[in-house]
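Here's the structure we're looking at; comments come further down.
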């Protein structure tokens, strides 16, 4: 995947397949700390420990009809290439949390990509799912909560 917005799309699609009704996406750009952090949390069905242990492996998938899954493995690799870290936590019935961090200035850090198009795709294609997107860069913050939009 060429940019982080495609990783976000892939992970959130996994969340939706796991019956998530709420997905929270957070992007933090902190140039002072030389950090780019991406976090995705959902309230889906979660994963048992044995599946969680394999989830970031390059040849593991729970998708019917597929024999390999590369999304999480590629994101984990991207974090390592940019001096970052990848963590995934989950529990049955407790949703899933994925955090990927990158050294902001690293030459191998993938660009963010087209976040607005990614959000538009997710929101338009999944009307039964609530999305919260927060993006902080320095002292500026952007927030989109589809629950608030629906109220309008």
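Any read-out appearing in this document is the output of simple, stated calculations on the displayed coordinates, not a laboratory observation. These numbers come from a predicted model, not from an experiment. Every residue, glycine as well, gets a Cβ built from its backbone with ideal geometry; the counts of neighbours run over all protein chains shown.
Average 1/r across all pairs of distinct alpha carbons in segment 4-151, invert it, and you get the Kirkwood radius: 15.8 Å. Work out the FRET efficiency for residue 19 and residue 114 from their Cβ-Cβ distance, taking R0 = 30 Å, and round it to the nearest 0.05. My answer for the efficiency is 0.65.
Put in line by how crowded their Cβ is, counting other Cβ atoms within 10 Å and starting with the fewest, 39, 24, 87 read 87, 39, 24.
Mind checking the full-extension length gain between residue 39 and residue 91? Use 0.36 nm per residue of separation minus the Cα-Cα distance, one decimal, nm. Each step should come with its number before you reach the end.
On the way: separation 52, 0.36 × 52 = 18.72 nm, distance 1.68 nm.
So the extension gain works out to 17.0 nm.
How many angstrom separate the Cα center of segment 10-50 from the Cα center of segment 91-152? Segment 10-50 and segment 91-152 have Cα centres separated by 8 Å.
Could you tell me the calculated FRET efficiency between residue 1 and residue 149, based on Cβ-Cβ distance and R0 = 35 angstrom, to the nearest 0.05? Spell out each step's value before the answer.
Values: r = 28 Å, r/R0 = 0.79.
Once the sixth-power term is evaluated, E becomes 0.80.
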